[in-house]
Amino acid sequence: VLKLLKYGIPAQRIFHDLYIEKYKGHFSQIDLVAITEVGIMVFEVKDYSGWLFGNGNQSQWTQVLGYGQQKYGFYNPIMQNNQHISELRKQNFQFYQVPTYSIVVFYGNCELKEIDFIPNGTFIVKSKSVLEVIKTILRVNKPVYYSNENEIVRVLKEAVINGVMRENQIQHIE
């Protein structure tokens with residue numbers, strides 16, 4: 001959030017810790033969404049250490065620790081963020097009308113070893129390089145027209161309010 005603010009994206013266009021209702025009390029939690037002049041950026045933030053291996057088409061990625069001594073699987077963050085984007089689009093047709101960029105940000109002491117088959121419009125980045133990715137997206141894409149930006153903001157604000165509610169957090173964790 002601080003990097004987005006420092007870059008000049010207004011605070012009222014940044015939404016953190018959103019809970020999108022999928023169906024009757026079940027939620028999809030989104031780390032961060034930013035409305036920009038070229039579209040909507042949806043961020044999935046991950047804290048990992050070790051070496052990370054993954055493929056955009058595989059449901060499981062691998063974390064390797066202790067120089068190969070320990071291996072752990074984790075859900076593909078590209079697929080996870082694509083599900084978040086899909087849930088956003090179900091909330092309101094306005095989300096279909098503008099480009100959406102999926103940005104997966106890794107922080108912590110991890111090294112992205114082999115990350116293959118990253119779909120167009122998806123970016124995998126370490127936290128120190130997230131501003132470079134944002135600058136690139138803003139530079140190479142044309143400004144878009146929001147037919148009703150207020151409706152997009154309303155949906156995102158509602159999702160932030162959902163995230164503050166303790167019962168929603170508990171349900172999501174379960």
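The values are calculated or read from the model by the stated rules, or taken from the named source; none is laboratory data. Please read all numbers here as calculations on a predicted model, not as lab measurements. FYI the Cβ positions are ideal-geometry reconstructions off the backbone, even for glycines, and counts take in every protein chain you see. The accessibility values were calculated without ligands, DNA or RNA, using every heavy atom of the protein model including side chains. Shrake-Rupley method; radii C 1.70, N 1.55, O 1.52, S 1.80 Å.
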So what is the accessible area of segment 1-65 per residue, in Å², with the probe set to 1.4 Å? 46 Å²
Relative contact order for the chain, counting Cα pairs under 8 Å that sit 6 or more residues apart, in percent: 28 percent
Paired Rg and Dmax values of segment 49-174, which use every Cα atom, in angstrom: 17.1, 53
Any idea of the accessible area per residue across segment 80-174, 1.4 Å probe, to the nearest Å²? 61 Å²
So what's the gap between the Cα centers of segment 9-35 and segment 51-94, to the nearest angstrom? 18 Å
The lysines whose Cα lies under 17 Å from the Cα of Lys135, excluding any fewer than 8 residues away in the same chain, are Lys3, Lys6, Lys126
Could you give the nm distance between label points at Gln83 and Val164, where each point is 7 Å from its Cα heading toward the beta carbon? 2.7 nm
Nearest 5 percent is fine: what portion of the DSSP beta bridges confined to the chain is antiparallel? 55 percent
Rank by packing, highest mean first: peptides 61-68, 30-37, 142-149, with packing defined as the count of other Cβ atoms within 10 Å averaged across residues. 30-37, 61-68, 142-149
Provide the gained length on full extension for the span Glu114 to Tyr96, in nm with one decimal, where the gain is 0.36 nm per separating residue minus the Cα-Cα distance. 3.3 nm
Full extension between Gln69 and Asn55 adds, at 0.36 nm per residue less the Cα distance, a length in nm of 2.9 nm
Using a Förster distance of 22 Å, the FRET efficiency for Glu132-His16 (Cβ separation, nearest 0.05): 0.55
Ordering 73-83, 4-14 by per-residue average of other C-beta atoms within 10 angstrom, highest first, gives 73-83, 4-14
